[in-house]
1. Could you figure out which of (1) closer than 18 Å to D192 by Cβ; (2) open to solvent by 70 Å² or more (accessible area, probe 1.4 Å) isn't true of A213?
2. Only one of these is of a type in the set (S, T, N, Q), at pLDDT 90 or above and in contact with a strand residue (DSSP E or B) (Cβ under 9 Å, 6 or more places away or on another chain): S202, S206, S219. Name it.
3. Has the stretch 34-51 got any residue that is open to solvent by 20 Å² or more (accessible area, probe 1.4 Å), in contact (Cβ under 8 Å) with a residue 40 or more places away in the chain and under 21 Å from R148 (Cα atoms)?
4. What pairs come out if I take residues in the stretch 264-277 that are farther than 22 Å from G238 by Cβ and pair them with residues that are modelled with pLDDT under 65 whose C-beta lies under 6 Å away, six or more apart or interchain?
5. Is there any pair with a first residue in the stretch 82-108 that is closer than 24 Å to T52 by Cβ and touching a residue at least 12 places away in the same chain (Cβ under 8 Å) and a second that is open to solvent by 70 Å² or more (accessible area, probe 1.4 Å) and among the hydroxyl-bearing types (S, T, Y) whose Cβ atoms are under 6 Å apart and which are 6 or more apart or on different chains, and what are they?
6. Filter the stretch 108-121 for residues that are aliphatic (A, V, I, L, M) and part of a strand (DSSP E or B); which is farthest from the chain's Cα centre (by Cα)?
7. Those residues that are over 15 Å from M170 (Cβ atoms) and touching a Phe, Trp or Tyr at 6+ places or on another chain (Cβ under 6 Å), I need them from the stretch 114-147; list them, please.
8. Collect the residues in the stretch 122-178 that are within 20 Å of P31 (Cβ to Cβ), surrounded by 15 or more Cβ atoms within 10 Å (Cβ to Cβ) and either without any contact (Cβ under 8 Å) to a residue 40 or more places away in the chain or under 13 Å from the mean Cα position of the chain (by Cα) (or both), keeping them in residue-number order.
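The values are calculated or read from the model by the stated rules, or taken from the named source; none is laboratory data. Computed from a predicted model, the values in this text were never measured in an experiment. So basically every Cβ, Gly included, is an ideal-geometry build from the backbone, and we count neighbours across all protein chains shown. Only protein heavy atoms, including side chains, enter the accessible area calculation; ligands, DNA and RNA are left aside. Shrake-Rupley method; radii C 1.70, N 1.55, O 1.52, S 1.80 Å.
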Amino acid sequence: MRRVILVFAVFTMMFMVRPIAAQKESLLIGPGDLIQVDVLDTPEMEQQVRVTDDGSAPLAYVGNVQVSGKTPAAAADAIRLLLISKNVMKHPQVTVRVQEYSTQDVSVLGQVRTPGAYPLTTPQPVLRVLSLAGGVTDIADREVTVKRHGSSEQLKYMLSNDPQKMLTDMVMVNPGDIVMVPKAPIIYIMGDVGRPGGYAMSSNESHLTLLQAIARAGSANKTSVASKVRLIRNSGDGEKEIPIRLDAMQKGKIPDIDLQANDIIFVPFSWMKNMAMSGSTIAASTASAAIYAVP
């Protein structure tokens with residue numbers, strides 16, 4: 001039993017450490033970073049130097065070595081080759097570690113509770129970085145973008161509604177990176193419904209149908225005119241009004257339709273009231289509408 005527990009513990013540690021180690025390996029050395037250089041079984045060659053503005057590391061025995069833009073492993077290999085070419089050693093085993101990063105802030109922007117710059121000295125999971133900013137807002141889009149410091153590389157991370165998927169394929173955030181949380185697409189449900197207002201399309205697929213939207217808004221009230229619902233859509237040609245027979249749609253006589261960002265659904269109160277409201281008047285009323293998250 002003890003052996004089984006030991007094996008399980010070893011495999012668990014391997015599973016936990018491997019993704020982080022791989023992520024650290026992808027972190028590039030930059031100007032101003034403090035690096036530690038070690039050569040196996042040769043303590044006198046141990047060196048700790050700071051990378052200069054031109055990206056080189058001034059090292060004893062080999063001189064200036066260009067390390068900026070390299071991973072620690074690539075920098076170690078470059079130093080190893082120089083030690084051989086300069087006849088300092090025949091078979092050196094070199095390791096390079098970044099002891100301190102010159103850029104120690106990560107910028108978290110967009111739909112988070114407290115956007116700003118946060119200190120970061122080592123790579124951290126994106127969920128931890130988002131928690132530093134107080135977590136995402138109710139109208140945050142589920143697709144988070146991580147822009148790598150010093151490069152044009154951008155990584156996408158899905159902040160899934162499913163906790164299991166959220167913890168899968170975790171993206172690591174490096175010092176100096178920028179984390180962007182965009183605003184989710186919003187649709188508006190106005191008029192005679194239980195809870196009129198704006199609704200963020202914050203599901204995994206940012207997908208919402210008209211019937212789903214009406215249900216989120218507490219359904220149409222009994223005093224509404226379900227046969228005269230209007231969908232107001234802002235297309236490239238301007239504002240367009242689409243008549244909707246909500247009563248027929250709810251009975252399955254006509255198909256449900258997919259909504260687009262900024263769509264406005266207007267459910268009239270009665271024949272006597274609000275039937276004559278123009279689309280522009282309805283659209284203007286959304287400016288003061290409450291915004292809700294779609295679970």
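1. (2)
2. Step by step, each of S202, S206, S219 is checked, and only S219 is of a type in the set (S, T, N, Q), at pLDDT 90 or above and in contact with a strand residue (DSSP E or B) (Cβ under 9 Å, 6 or more places away or on another chain).
3. yes
4. P268/N274; P268/M275
5. So the pair list comes out as V88/Y61; Q104/T121.
6. Checked the stretch 108-121; the qualifying residue farthest from the chain's Cα centre (by Cα) is A117.
7. Once the filter is applied, which keeps residues that are over 15 Å from M170 (Cβ atoms) and touching a Phe, Trp or Tyr at 6+ places or on another chain (Cβ under 6 Å), the stretch 114-147 yields only L132.
8. Hits for the stretch 122-178 are K147, R148, D177, I178.
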